[in-house]
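The values are calculated or read from the model by the stated rules, or taken from the named source; none is laboratory data. Note that the coordinates shown come from a computational prediction; the quantities given were computed from them, not determined experimentally. Cβ placement follows ideal geometry from the backbone for every residue including glycine, while neighbour counts extend to all protein chains displayed. Ligands, DNA and RNA are excluded from the accessible area calculation, which covers all protein heavy atoms including side chains. Shrake-Rupley method; radii C 1.70, N 1.55, O 1.52, S 1.80 Å.
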Amino acid sequence: MTGGGSGDPRGHGAAAVRTRRGCPADLDQVNALHGRCTPSSLSSRYHGALRRISPADWRRLVDPAHGVTWVMQEDRCPDDVIAVAHLMRTGVDGVAELGILVEDSRQGRGLGTRLVGQVLDHAAAAGCHTVTATVQAGNVPMLRIALGFGAPRPRGAAVMDLRIPVGPGGVPGSASR
Ligand SMILES: CC(C)(COP(=O)(O)OP(=O)(O)OC[C@H]1O[C@@H](n2cnc3c(N)ncnc32)[C@H](O)[C@@H]1OP(=O)(O)O)[C@@H](O)C(=O)NCCC(=O)NCCS
C-alpha cells in the first residue's frame, strides 16, 4: 500500500486541524492520546482493555509493509495527536482494515468522518475495493460514518463487521465531503 500524506488545512471551529502520515516518532504522543481517552472509547477501538500501544506494535502500524497510519493534529497544540487511524493489509487482495480513535473531548465534531474520508481516498488510490471495520453494535458514530460512506447496514450482533465499498462502487471520501 503506497501513497502520500493527507495535508488538510481546513479549520475546525477556531482551530485548524491537519492530517499527516504517522511515523515511528509519534508513539509517545499517540500513547498520550490514549491516556486522554476514556476506557469506553479505548474499548470501542480495541475491543479489550488495551491502554497503550507497545513499541513493537507501533513499528508494525507505521510500517508500509503492513499498512498506513495517519495522525491528526491541531495547529494550536502542534505537539498533541488528537486522532489516529490505521489502514492495515488483511491478506485478502483489495481488502484493508480500518481502525480509528478520536480523542474523547473532540468526538462528535466531524473529525472522525473527515479522517475516515481521507483513509478511504487513500484506499481507493491504493487499489482497494473494500475497507472493513469491526465495531460494537452500540457504536452509533462509527456505524453512521460507515453507512454515510456507503456500507450496507450490518446484521445485528454484539460485534459487527462493517464493509465500506471504495473506488468506483463506493461513496467518494474526503475529496467531496
Ligand atoms: C467512532 C469515532 C471515530 C467517530 O468519530 P467522531 O469524530 O466522534 O465522529 P463524527 O463527529 O464525525 O460523527 C460521525 C457521525 O456520528 C454522529 N455522532 C457523533 N457522536 C454521536 C453520539 N454520541 N451519538 C450519536 N451519534 C453521534 C454524528 O452526528 C455523525 O453522523 P451524521 O454524519 O449522520 O450526522 C469516535 O467516536 C471514536 O474514536 N470512538 C472510539 C473508538 C471507536 O469507536 N473506533 C471505531 C472502531 S475501530
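If the viscosity is 1.002 mPa s and the temperature 20 °C, what translational diffusion coefficient in µm²/s does Stokes-Einstein give for the stretch 100-152 when Rh comes from Kirkwood over Cα pairs?
Value of D from the Cα-based Kirkwood radius: 181 µm²/s.
Rounded to the nearest percent, how much of the accessible area of the stretch 11-176 (1.4 Å probe, protein heavy atoms only) is carbon and sulfur?
53
Under a plain spin-label model, where a point goes 7 Å from the Cα along Cα-to-Cβ, how far apart in nm are Ala158 and Ala65?
With each label point 7 Å from Cα toward Cβ, the separation is 3.6 nm.
Return the calculated 222 nm mean residue ellipticity for the chain, to the nearest 500 deg cm²/dmol, obtained by summing -39500 (n - 2.57) across DSSP H runs with n ≥ 4 and dividing by the residue count.
Dividing the helical sum by the residues of the chain leaves -8000 deg cm²/dmol.
What is the ratio of the Cα radius of gyration of the chain to 2.2 N^0.38 Å, where N is its residue count, to two decimals?
Ratio of Rg to 2.2 N^0.38 Å for the chain: 0.95.
Any idea of the accessible area per residue across the stretch 31-177, 1.4 Å probe, to the nearest Å²?
I get 47 Å² per residue for the stretch 31-177.
Considering only Gly110, Gly150, Gly91, give the residue with the highest GNM mean-square fluctuation for the chain, with springs between Cα atoms whenever their separation is below 10 Å.
Of Gly110, Gly150, Gly91, the Gaussian network model singles out Gly91 as fluctuating most.
Mind checking which helices in the chain clear 20 Å along their axis (Cα) and have mean Kyte-Doolittle hydropathy of 0.0 or more, DSSP H runs only? Walk me through the numbers on the way to the answer.
Working: long enough: 111-125 (21 Å, 0.60).
Counting only whole DSSP H runs, the qualifying helices are 111-125.
Please go through the stretch 21-95 and write out the trypsin sites (Lys or Arg not before Pro) that DSSP classes as loop and that have at most 16 other C-beta atoms within 10 Å.
Arg51, Arg52, Arg76
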